[in-house]
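Quick notes on the structure that follows.
The values are calculated or read from the model by the stated rules, or taken from the named source; none is laboratory data. Keep in mind it's a predicted model, so treat the numbers as computed, not measured. In this analysis, Cβ positions are derived from the backbone assuming ideal geometry, glycine residues included, and neighbour counts consider all displayed protein chains.
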Amino acid sequence: MSHTNLSLVAEPKFFEKFLQLLQKGVKVRARVGSTVLSFLCDDLGLSPEYVDKRIQTLFLNGKAIDNPDTAFLKEDSVLALSAAMPGLLGATLRKGSYYARMRNEISHQEQSQGMTVHEGFILLKLFNLLPAEIGPAVLGRGLWMKGEELNHFLRELPDELVAKCTESRLDGQAVDLKAFVEKSSRYELVVVKIESTSSTTRNRRENP
């Protein structure tokens, strides 16, 4: 699939705008035919312990998941994740909950026959505390955005915020982000990878 690569390094205030996109849903690469647990651990690099203890509510195509190791991703699946939510609703939607029987109609029923594992796409949504915790890994891995979609998103940001992007590269070549915004709608697909200056500074300090 033909695409353009946009790599950004930005100060936290700019970076946070991309984190907010995760609640609306972002298109990411995934191994279609693999399990949700495999995607979280093998693709995003999360530990099984983190998935087990921190990601308490999972929805696949609008259906609650009790076991991410038996729920399989399909092309264009919508995967929504959240940390524990309060109250009875949160308890009912929580994976493996005592109250799971109360949500039979919205529980995911696995149908994995005939699927082979291959590279594809899913729509990923993160809620609650997860955008801040998982979001950086997702953004560093890359979001697939239509040029027009990216153009609309960047144009809505004030100039002083766009100026907080300290480094931008288009297919490996340095580019002025404001100049790119003007022509971004021309691109069919753009893979956007972004990291925060706070994380790059920390990495350089830990790995001199």
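Observations on the structure shown:
- Matching residues in the stretch 125-148 - criterion: being closer than 14 Å to Val190 by Cβ and in contact (Cβ under 8 Å) with a residue 40 or more places away in the chain: Leu139, Gly142, Leu143, Trp144, Met145, Lys146, Gly147
- Residue in the stretch 16-27 that is crowded, with 17+ Cβ neighbours inside 10 Å and small (Gly, Ala, Ser) present: no
- Subset tally (residues that are in contact with a Phe, Trp or Tyr (Cβ under 9 Å, 6 or more places away or on another chain) and either without any contact (Cβ under 8 Å) to a residue 40 or more places away in the chain or closer than 20 Å to Arg29 by Cα (or both)) for the stretch 149-182: 5
- Among the residues making up the stretch 120-153, those that are crowded, with 16+ Cβ neighbours inside 10 Å and aromatic (Phe, Trp, Tyr) are Phe121, Trp144, Phe153.
- Taking the stretch 1-69 as the region of interest, the strands (runs of 3 or more DSSP E) fully inside it that hold 1 or more residues being under 19 Å from Pro136 (Cα atoms), at pLDDT 95 or above and of a type in the set (Val, Ile, Thr) are 4-10, 26-32.
- Subset of the stretch 63-81 that is within 17 Å of the chain's Cα centre (by Cα) and surrounded by fewer than 21 Cβ atoms within 10 Å (Cβ to Cβ) - its residue that is farthest from Val26 (Cα to Cα): Lys74
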